[in-house]
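**Student:** Before anything else, here's the structure in question.
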Amino acid sequence: MIDEEEWSIPDDQQPKPDTLEFDLQARLGSVVTLQTRTPEDGFTAHALGTERAGSGVLIDSSGLILTIGYLVAEAEEIWLIGADGAAVQGDVITYDFVTGFGLVQALGRINAEPIPLGSSNGVHVGDRIVFASAGGLSHSVDAQIISKREFAGYWEYVLDEAIFSIPVHPSWGGAAVLDRAGDLVGIGSLYVGDARGHGSPSEGNMIVPIDLAKPLLDQIKSGSGIRRTPRPWLGFYTAEADEHLFVAGLAPNGPADKAGIQAGDLVLEVGGSPVGGLADMLRTIWSLGEAGVQVPLTVVRNGRPVSITVPSADRGDYLKTPRMH
């Protein structure tokens with residue numbers, strides 16, 4: 001297992017239990033430590049490492065744990081450690097590329113009550129929240145929603161409306177985000193330097209809204225399993241600078257790499273249509289069809305336009321399938 005460095009949130013940033021309408025201690029007991037190991041030859045090992053640690057949230061009495069997907073991608077071993085110190089193994093149910101959520105099934109009993117799901121649409125800018133990673137009160141932040149807006153990630157990821165909070169939580173991955181009634185309204189995903197938006201420097205966190213998880217959970221409860229038509233994935237990491245989109249990096253042997261896209265290329269068009277920002281480019285790619293569709297790109301390289309068609313792929317095909325216990 002992974003030894004976590006001891007740390008704690010300053011007292012003045014911790015939530016005050018007597019000001020809340022719910023039993024904070026009980027809720028914090030439902031946030032577990034999640035530790036995973038992935039194969040050294042896994043597709044995500046270079047970027048994310050082979051040993052990962054964060055938090056997960058018990059959301060069902062059957063032992064269903066909601067977390068952030070990058071913690072469990074390709075995981076061949078998962079341990080869940082409750083507030084009482086008891087450790088049980090877990091199996092990955094899914095890493096959903098669209099939302100970014102990960103779902104894990106505990107293979108033993110978690111000695112806690114599940115946290116009820118709230119409504120991320122029901123929280124607003126200015127609302128106070130509890131941002132809680134595993135470890136109890138000293139690992140929890142009395143935070144505030146500072147903005148709700150679109151988020152686009154260079155790894156080919158878009159949320160129509162993500163939640164952003166301040167102050168920054170130092171252990172955000174998979175942490176529970178609770179509204180003032182104690183219901184789960186999101187899962188911690190990222191550190192950001194512009195939580196307020198509009199280019200304003202402000203350290204905070206990006207939170208994936210809980211409402212995006214509800215269709216996935218409905219499918220699991222129905223016994224049908226997670227059903228999604230896979231989006232076309234190119235495996236290129238694009239960034240925005242000076243109102244241009246440029247390729248900052250490539251997934252080794254991914255579709256874009258194999259097709260001849262190069263780091264430094266400026267992306268001008270997708271399928272003959274000029275692209276705006278990162279989110280616009282990704283939505284245009286996804287509108288062409290499902291994974292496997294040909295994606296015609298026009299890029300600028302060394303000052304000249306170059307046309308390259310990338311045969312897209314299903315991102316999941318590049319990941320190792322976790323071993324189930």
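**Student:** In the same structural domain as residue 144 (by TED's automatic domain parsing) and assigned to a loop (DSSP other than H, G, I, E, B): is that true of residue 108 in this structure? I'd like the intermediate steps shown before the answer.
**Tutor:** Working: in the same structural domain as residue 144 (by TED's automatic domain parsing): no; assigned to a loop (DSSP other than H, G, I, E, B): yes.
No; evaluated as a whole, the condition is false for this residue.
**Student:** Is there a residue being touching a strand residue (DSSP E or B) at 6+ places or on another chain (Cβ under 9 Å) and at positive phi anywhere in the range 93-111?
**Tutor:** Yes.
**Student:** Among the residues of the range 288-316, how many are of a type outside the set (A, V, I, L, M) and over 15 Å from residue 230 (Cα atoms)?
**Tutor:** Qualifying residue count for the region: 9.
**Student:** List pairs: first in the range 279-291 and modelled with pLDDT of 95 or more, second of a type in the set (S, T, N, Q) and surrounded by fewer than 16 Cβ atoms within 10 Å (Cβ to Cβ), Cβ under 9 Å, 6+ apart or cross-chain?
**Tutor:** 284/273; 288/294; 290/229; 291/229
**Student:** Out of all the residues in the range 5-21, is one or more outside any loop (DSSP other than H, G, I, E, B) and of a type in the set (Gly, Ala, Ser)?
**Tutor:** no
**Student:** Further question: Restricting to the range 169-194, give me the number of residues that are buried (at least 23 other Cβ atoms within 10 Å of the Cβ) and either in the same structural domain as residue 27 (by TED's automatic domain parsing) or among the hydrophobic types (A, V, I, L, M, F, W, C) (or both).
**Tutor:** 8
**Student:** Something else: Go through (1) among the basic types (Lys, Arg); (2) touching a helix residue (DSSP H, G or I) at 6+ places or on another chain (Cβ under 8 Å); (3) surrounded by fewer than 17 Cβ atoms within 10 Å (Cβ to Cβ); (4) at pLDDT 95 or above one by one and return the number of the condition residue 258 breaks.
**Tutor:** Condition (2) is where residue 258 drops out.
**Student:** Another question, then. So for the range 158-174 (the condition being under 30 Å from residue 239 (Cβ atoms) and polar (S, T, N, Q)), does at least one residue qualify?
**Tutor:** Checked against the condition, which is being under 30 Å from residue 239 (Cβ atoms) and polar (S, T, N, Q), the range 158-174 yields at least one hit.
**Student:** In the range 118-149, how many are touching a strand residue (DSSP E or B) at 6+ places or on another chain (Cβ under 6 Å) and in a strand (DSSP E or B)? Walk me through it before giving the result.
**Tutor:** At the first step, the residues of the range 118-149 found to be touching a strand residue (DSSP E or B) at 6+ places or on another chain (Cβ under 6 Å) are 118, 120, 123, 125, 127-134, 140-141, 143-148.
Now restrict to residues that are in a strand (DSSP E or B): 128-132, 140-141, 143-148.
Here the count works out to 13.
**Student:** Now for a separate question. Would you check which residues across the range 150-174 are part of a strand (DSSP E or B) and either among the aliphatic types (A, V, I, L, M) or within 11 Å of the chain's Cα centre (by Cα) (or both) and list them?
**Tutor:** Within the range 150-174, 152, 153, 157, 158, 159, 162, 163, 166 qualify.
**Student:** Being out of contact with any Leu (no Cβ under 9 Å at 6 or more places or on another chain) and in contact (Cβ under 8 Å) with a residue 40 or more places away in the chain narrows it down to one of 55, 30, 62, so name that one. Step through it out loud before you land on a result.
**Tutor:** Values: 55 fails: out of contact with any Leu (no Cβ under 9 Å at 6 or more places or on another chain); 30 fails: out of contact with any Leu (no Cβ under 9 Å at 6 or more places or on another chain).
Exactly one residue qualifies, and that residue is 62.
**Student:** Does residue 53 satisfy the criteria of being at pLDDT below 95 and either basic (Lys, Arg) or within 17 Å of the chain's Cα centre (by Cα) (or both)?
**Tutor:** No, not satisfied.
**Student:** Residues in the range 179-194 that are assigned to a loop (DSSP other than H, G, I, E, B) and either in contact with a Leu (Cβ under 6 Å, 6 or more places away or on another chain) or under 29 Å from residue 26 (Cα atoms) (or both): how many?
**Tutor:** Total meeting the criteria: 5.
**Student:** Can you tell me which residue in the range 209-239 is surrounded by the fewest Cβ atoms within 10 Å (Cβ to Cβ), limited to those that are outside any loop (DSSP other than H, G, I, E, B) and among the basic types (Lys, Arg)?
**Tutor:** So, considering only residues that are outside any loop (DSSP other than H, G, I, E, B) and among the basic types (Lys, Arg), the one surrounded by the fewest Cβ atoms within 10 Å (Cβ to Cβ) is 221.
Residue-by-condition table, conditions (1) aromatic (Phe, Trp, Tyr); (2) on the phi < 0 side of the Ramachandran plot; (3) crowded, with 16+ Cβ neighbours inside 10 Å:
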{"residue": "263", "(1), (2), (3)": "no, yes, no"}
{"residue": "278", "(1), (2), (3)": "no, yes, yes"}
{"residue": "286", "(1), (2), (3)": "yes, yes, yes"}
{"residue": "299", "(1), (2), (3)": "no, yes, yes"}
{"residue": "313", "(1), (2), (3)": "no, yes, yes"}
{"residue": "319", "(1), (2), (3)": "no, yes, yes"}
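**Student:** Look at residue 129 and say whether it is without any contact (Cβ under 8 Å) to a residue 40 or more places away in the chain and not charged (D, E, K, R).
**Tutor:** So residue 129 fails the test.
**Student:** Taking the condition of being touching a Phe, Trp or Tyr at 6+ places or on another chain (Cβ under 6 Å) and of a type in the set (Ser, Thr, Tyr), how many residues in the range 70-126 meet it?
**Tutor:** Residues flagged as touching a Phe, Trp or Tyr at 6+ places or on another chain (Cβ under 6 Å) and of a type in the set (Ser, Thr, Tyr) within the range 70-126 amount to 0.
**Student:** Given the criterion outside the structural domain of residue 149 (by TED's automatic domain parsing), touching a Ser or Thr at 6+ places or on another chain (Cβ under 6 Å) and more than 27 Å from residue 76 (Cα to Cα), identify the matching residue among 282, 245, 288, 297.
**Tutor:** 245
The values are calculated or read from the model by the stated rules, or taken from the named source; none is laboratory data. Predicted model only: the values in this text are computed from it and were never measured. All Cβ positions, glycine included, derive from the backbone under ideal geometry; neighbour counts span all protein chains shown.
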